[in-house]
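Readers should treat all values here as calculations from the given coordinates under stated rules, not as data from a laboratory. None of the values given here were measured: they were computed from a predicted structure. Neighbour counts run over all protein chains shown; Cβ positions are idealised from the backbone, glycine included.
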Amino acid sequence: MRTRRHFRVSVSRCGTFVVATLVASVALPACSGSGQSGSSSAMSSPKRAARPSSTATLSIVSPANGAVVHGSTVRVRLRLEGARVVRPTTNDLRPDEGHIHILLDGSLVSMNYGLSDEIHDVASGPHLLQAEFVASDHAPFDPRVVVVSSFEVRR
Amino acid sequence: MSRTGRGLCRCVVLAAFAVAIAVLLAPPAFAHALLERSTPAPNETLETTPASLTLTFTEPPDPALSSVRLLGASGADVGIGPMHVAGRTITVPVTSRLTDGTYTVTWRAVSRTDGHVTAGSFAFGVGRAPSPTAGGAGAGTESPFPSAAAIIAKWLLYAGLSLLVAGAVVPAYILRSAKTPAWVVVTAATAAAGGWIGLVGAERSTIGVAASVFLSSEAGRPFVWLGVAVAVSAGAAVAWAVTAKPSLLWTVGAAAAAAMLIRAIGGHADAGSLPALQVAAQFIHLLAVGVWIGGIAWLLLLVGGIGGTSRPEAVRRFSTTAGVALGAVVVTGVIRALDEIGGPSRVGRLVSSDYGLTLSLKAGVAAVLIALGAWNRYVNVPRTANGQEGTRSLRRVLVAEAVLAAGVFALTGLLTGLPPAAAVATAPGSHMHEPLVATGSDFATTVRARVEITPGMVGTNRFAVRVVDYDTGERVPARRMSLGFAPLSHADVTPSTLELRRAPDGDWTGRGSQISLDDRYQLLLVVQTASGSTQVRMEISPRVSSGHTSVARAEGQPTVYTTNYPDGTSIQAYLDPGRAGTNQIHATAFDGQGDELPLQSISLIAIPPDGRGEVLQPIRFSPGHYAANIDTIAGTWTFEIRAVAKTGAALDAHFVQRIERSEELP
């Protein structure tokens, strides 16, 4: 019995020694760092934060929902409140700055720096216009700032 | 179940969990600074003098010990500026104006991670294609085979450290020997110190610098710390031999364990994507080997001096301890081996690479060692209770174990000097072992064709074609074969043709630079037989070096794929809305500061579930942002983005996305 207890104590001491070195082995590599030097533009894999939300509200002034457009050119006018359209593309995102993406019947037709645009050669018939205010990196805000309008083209 | 049993169960569960994490999450290790990509690329033809040479390695090179030279066709040095190292990239400005001709870049890199040296060279042309005979024009990388001196030095180091680690615990607490022989401890410390000296000498000799230069470099820093740990252990060993203070023996063992930890940090383990886990596994591996094999040596030395009635118990205690240590060796050994060969799907590298073969041999010797240990445990240990005959038998097997253990240490010394199989297989030029393969059949399904393209990258490739009867699988007796190449998104580039020649083995082969663009290619194989000709169409995408892609998903948002490159640039892409029907793919390039990176060209390629790729018509929004419309069906799609920045850098990204039917979404 005494022999067994002494053996367990010995194994326990060994175990303590091993555990201590285990802790050191996990902690030390984490503290040692990558050892890399270089400019700030050198290799890094930045973690992407969750998509930002926006303070903006977007609405379609024309073509208004249910409007009839005569001719094959559709003039698009948008109203943006609480934010502004900017030119630069960057992943330094601000909730009140971004770009405009315009889709007609599900297809991207324009990506705009402004709040007005023209879509040419639109076929006669019903259409769905979608406009979205996206962030400066061209990806959507969360929740998305998107608005749609149904209209008809008659030639 | 007893407490000991429950504790053992918990250890087994934890170990299994650690193994699962390592297997499932750990990408391949990349020790040794192998050349990953360069600008100019090997065999590239430039119109004018490049502003600089850029070489990106799999490991950060030590700026003090690495070098790059530019040679003209005559072998004379061409003027270049001072080398700048940032992360894994060496940049060298070209200060001379290069006239038309072939130039060779020759480089040597010493990894800051493991201190190992690699070297290579490649050629590029100015004003014309590089000549294949220009001084070492292949994009080759050499990693010097470990010298005999280095292997012996490592053997002394590992053997000495193992004896010291085991010596702190085995004689006193496991065997409970009356006295731990001081001469053994001092000899082991001397061996470890001698091993360190020999190791530093071998490393500096391979690199070709003075020891002081090597030890003062970043690559040499781990060796300095190793030397400190070995010196502390040796000093404590001498002090213990003089004073016999038990605490000093603990210091000997702890310092030896610290030396093992430093070796683990400064080796291949620290080059993995989960370095903390791999370093921990490597350290535990070394420690457990020390307890196991070092303990075998101590048992061999002391078993005869243990009193008759205590001997069986002592041997049994050691056997139990060795069993636990052996379990740790096996678990951590599997973790490390899988990391070094590139994961469980790459077990073929165990026989296809120098590293893998050496590892397999080491595992085989270790298996014999384990078998001998089991023989001792279950046959000889019970017999020691019966008298001297059992002890003699035990000793004979222990001697055999010690000899095999010495062999394991020697193989370990060799193994730590070889580049891991995963690193070799991933660096450019090493894809010679894994050709790009395209297969197809003709419209009438009379023949099947298989084209192997080696290395399968933009530039010069070797093409091997096999054409067989569609039904019987017999080789088709062709009279003539040619392979046509048409880049799918460069309609302004005239398709090219390569005439193939019949090889002795019956395949048709050729060599050329028809894959000269970073684009998806349509291959047109024309097979002429006695009865007519047959055409087989296939598509391939040459291999490129791409960055690391992270994926961001959120409810109600398109999945955003961001590919980051070593130089800090990135491409962000997403598919919207990501369900069957009309979608848009957006791709935006950013520089290292997060601002838009202007592109000079971009190709957006969509590969649907049936595998026939489509080059999309990009819509340019701004210099670095492009989008395209695409009609999708439900299934798994692959999207490839091939862009070239205005700086000339190639940015390639791809992602795979499952597109659901519209009605399947909530």
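Listing for the model above:
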{"read-out": "For peptides B:320-332, B:45-57, sequence by mean Cβ density within 10 Å, most packed first", "value": "B:320-332, B:45-57"}
{"read-out": "Label-to-label distance, nm, for residues given as B:Arg396 and B:Ser310 (7 Å Cα→Cβ offset)", "value": "2.8 nm"}
{"read-out": "Percent of C-alpha pairs per 5 Å bin, the stretch B:550-634, short to long", "value": "3, 14, 22, 24, 20, 12, 5, 1"}
{"read-out": "Rg and Dmax of the stretch B:152-248, Cα atoms only, in Å", "value": "15.3, 49"}
{"read-out": "Other-chain or far-sequence residues with amide H under 5 Å of B:Leu616's (modelled H)", "value": "B:Leu604, B:Ile605, B:Ala606"}
{"read-out": "Computed FRET value (nearest 0.05) for B:Thr494 with B:Val437, which takes r as the C-beta separation and R₀ as 22 Å", "value": "0.25"}
{"read-out": "A:Thr73 paired with B:Thr446, simple spin-label distance in nm, labels 7 Å along Cα-to-beta-carbon", "value": "5.7 nm"}
{"read-out": "Kirkwood hydrodynamic radius of the stretch B:206-325, from inverse mean 1/r over distinct Cα pairs, in Å", "value": "16.7 Å"}
{"read-out": "Qualifying chymotrypsin sites (Phe, Trp or Tyr not before Pro) for the stretch A:85-155 [loop in DSSP, other Cβ within 10 Å: at most 16]", "value": "A:Tyr113"}
{"read-out": "Amide H partners (placed H, <5 Å) of A:Asp137, local residues excluded", "value": "A:Thr90"}
{"read-out": "Cβ neighbours within 10 Å from other chains - mean over B:591-597", "value": "5"}
{"read-out": "Equivalent ellipsoid semi-axes - Cα gyration tensor, the stretch B:209-257, angstrom", "value": "29, 10, 5"}
{"read-out": "Partner chain coverage, peptide A:51-59 - average Cβ within 10 angstrom", "value": "1"}
{"read-out": "Evaluated at q = 0.12, 0.14, 0.24 Å⁻¹: base-10 log I(q)/I(0), Debye formula over Cα of the stretch A:81-137", "value": "-0.32, -0.42, -0.94"}
{"read-out": "At 0.890 mPa s and 25 °C, Stokes diffusion of the stretch B:557-596 via Kirkwood alpha-carbon radius, µm² per second", "value": "224 µm²/s"}
{"read-out": "FRET efficiency, B:Arg466 to A:Val61 (Cβ-Cβ, R0 56 Å, nearest 0.05)", "value": "0.30"}
{"read-out": "Relative contact order computed over the stretch B:550-597 (Cα-Cα under 8 Å; 6+ residues apart), in percent", "value": "28 percent"}
{"read-out": "Additional length obtainable on full extension of the chain from B:Ser662 to B:Arg479, 0.36 nm per residue less Cα span", "value": "60.7 nm"}
{"read-out": "Full-extension gain in nm, B:Gln617 to B:Thr582, via 0.36 nm per residue minus C-alpha separation", "value": "11.2 nm"}
{"read-out": "Per residue convex hull volume, Cα atoms of the stretch B:621-663, in Å³", "value": "75 Å³"}
{"read-out": "Per-peptide average of other Cβ atoms within 10 Å, ordering B:435-445, B:578-588 highest first", "value": "B:578-588, B:435-445"}
{"read-out": "Within 10 Å of each Cβ in B:153-166, the average number of Cβ atoms from other chains", "value": "0"}
{"read-out": "Net lengthening on full extension, B:Thr243/B:Thr647 (0.36 nm per residue, minus Cα-Cα)", "value": "138.6 nm"}
{"read-out": "Nearest-0.05 FRET efficiency for A:Asp96 and B:Gln535, computed from C-beta distance (R0 41 Å)", "value": "0.10"}
{"read-out": "Rounded D (µm²/s) - the stretch B:30-105, Kirkwood Rh over Cα pairs, Stokes-Einstein at 25 °C, 0.890 mPa s", "value": "189 µm²/s"}
{"read-out": "Summed residue charge, Cβ within 14 Å of B:Arg480's Cβ, Lys/Arg positive, Asp/Glu negative", "value": "+2"}
{"read-out": "Global form of the stretch B:150-208, assessed from the alpha-carbon gyration tensor, a/c cut-off 1.5", "value": "prolate"}
{"read-out": "Local electrostatic count at A:His120 - Lys and Arg +1, Asp and Glu -1, tallied over other residues with Cβ under 14 Å", "value": "-1"}
